[in-house]
Structure formats: C-alpha cells, structure tokens
1. Restricting attention to the stretch 41-54, does a residue exist that is touching a Pro at 6+ places or on another chain (Cβ under 7 Å) and not β-branched (Val, Ile, Thr)?
2. Just wondering, is there one or more residues in the stretch 80-88 that are open to solvent by 20 Å² or more (accessible area, probe 1.4 Å), more than 13 Å from the chain's Cα centre (by Cα) and without any contact (Cβ under 8 Å) to a residue 60 or more places away in the chain?
3. Restricted to the stretch 43-88, and to residues that are among the polar types (S, T, N, Q) and assigned to a loop (DSSP other than H, G, I, E, B), which residue is farthest from Thr123 (Cα to Cα)?
4. Counting only residues that are without any contact (Cβ under 8 Å) to a residue 24 or more places away in the chain, closer than 18 Å to Gly54 by Cβ and open to solvent by 70 Å² or more (accessible area, probe 1.4 Å), how many does the stretch 113-145 have?
Amino acid sequence: AYLKYHWLLATVGSTGQLRYLDVSTGENVSDIRTRLGECDCMRASPYNAVVHLGHTNGTVTLWTPNMHEPVAKLLCHKGAVADLAIDRAGRYLATSGRDGTLKVWDVRTYRPLHSYRTPRPVTSMDVSDRGLLAAACGAAVQVFKDGLAARASAPYMTHR
C-alpha cells in the first residue's frame, strides 16, 4: 500500500514482516515483525493512512510506522481473512472471511455492526466514494447500497 501523503510504501511478506519504505530517499523507515503468521491482505485507510492487515488466524491488526505493536487487534473471523475494505471517511471496515461471511465494523468503537452471508467466500471487495460496497464471490459481484451504516436486506445489484 502506498501512503501518498507520507511518501511511504508499506509491504508485508508471507511471514508477516511489515516494512515501511520512504520512496523519496529509498531508506527503510520501519521493519516490524507482526508475530501473527502469514498475512493474506493489506489495506491502508484513506482517511488516516493506518495500515490494516488481515491474517490467516482471523485477526485484523492496525499498524502505524512509529509503533512496533498493533494500534488495535480485532478477532474478525473464525478462519482466515480473505480481504479488507475501508470507506473514505475511515469510519467503516468491511472484512471477508474464508468462512463465507462478510462483516462490517465500526472503526471508532472496534465493534461489529452487521454481517452478511455470501454464496461463496468473498475474494475481493472495495468501497466506492459514495459508500457502495462491492464484493466479488467467484464469478459474481454483489453490490450493497448503503450497506455500511445500516444492514441491507439484499444486494442492490448482482452481476454474473
């Protein structure tokens, strides 16, 4: 993930090693061992540039380059975390697990707001600037309108 206002490139390896590289100088700013094993997904918050890591043990950890311990740690799923998405204002975090659940979290309180069951595990998802949550399950994409703040009864649109 590239943190454009900080000129930092954040990377995470298969061993869970989180690194921050200053792209203006080429210097390694921070090298952090997460000690949580393999990490399958990473996203930076567009609001405050906090890096979110999704681990295979079901936890999501939040990191900043000046701390060697996570800012927060959430147990989100029973299995591995498949993907993460964060809204533009940094209020909501959407996580998908390999267990077939998609959960929406309030980042301000670190509490789950609601969850959705998907026909297959969500492999990729993102939040638009207008707050639509798109989730790809195999060859289908489900779009939830206003599905972050309130629970949507059904997908707004499904594309196969």
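The values are calculated or read from the model by the stated rules, or taken from the named source; none is laboratory data. From a predicted model like this one, the values you see are computed outputs, not experimental measurements. Neighbour counts run over all protein chains shown; Cβ positions are idealised from the backbone, glycine included. Side chains are part of the model used for accessible areas, which takes the heavy atoms of the whole protein and leaves out ligands, DNA and RNA. Shrake-Rupley method; radii C 1.70, N 1.55, O 1.52, S 1.80 Å.
1. First pass over the stretch 41-54, keeping only residues touching a Pro at 6+ places or on another chain (Cβ under 7 Å): none.
There is no residue in the stretch 41-54 that is touching a Pro at 6+ places or on another chain (Cβ under 7 Å) and not β-branched (Val, Ile, Thr).
2. No, the conditions are met nowhere in the stretch 80-88.
3. Taking the stretch 43-88 and keeping what is among the polar types (S, T, N, Q), we get 45, 48, 56-57, 59, 61, 64, 66.
Still in the list and also assigned to a loop (DSSP other than H, G, I, E, B): 45, 48, 56-57, 64, 66.
Working: Ser45: 19, Asn48: 25, Thr56: 14, Asn57: 16, Thr64: 26, Asn66: 31 Å.
Ranking the candidates gives Asn66 first.
4. Taking the stretch 113-145 and keeping what is without any contact (Cβ under 8 Å) to a residue 24 or more places away in the chain, we get 115, 117, 119-120, 128, 130, 134, 136-141, 143, 145.
Among the residues that remain, those that are also closer than 18 Å to Gly54 by Cβ are: 115, 120, 134, 136-137.
After this cut, where a residue has to be open to solvent by 70 Å² or more (accessible area, probe 1.4 Å) as well, the list is 120.
Within the stretch 113-145, residues that are without any contact (Cβ under 8 Å) to a residue 24 or more places away in the chain, closer than 18 Å to Gly54 by Cβ and open to solvent by 70 Å² or more (accessible area, probe 1.4 Å) number 1.
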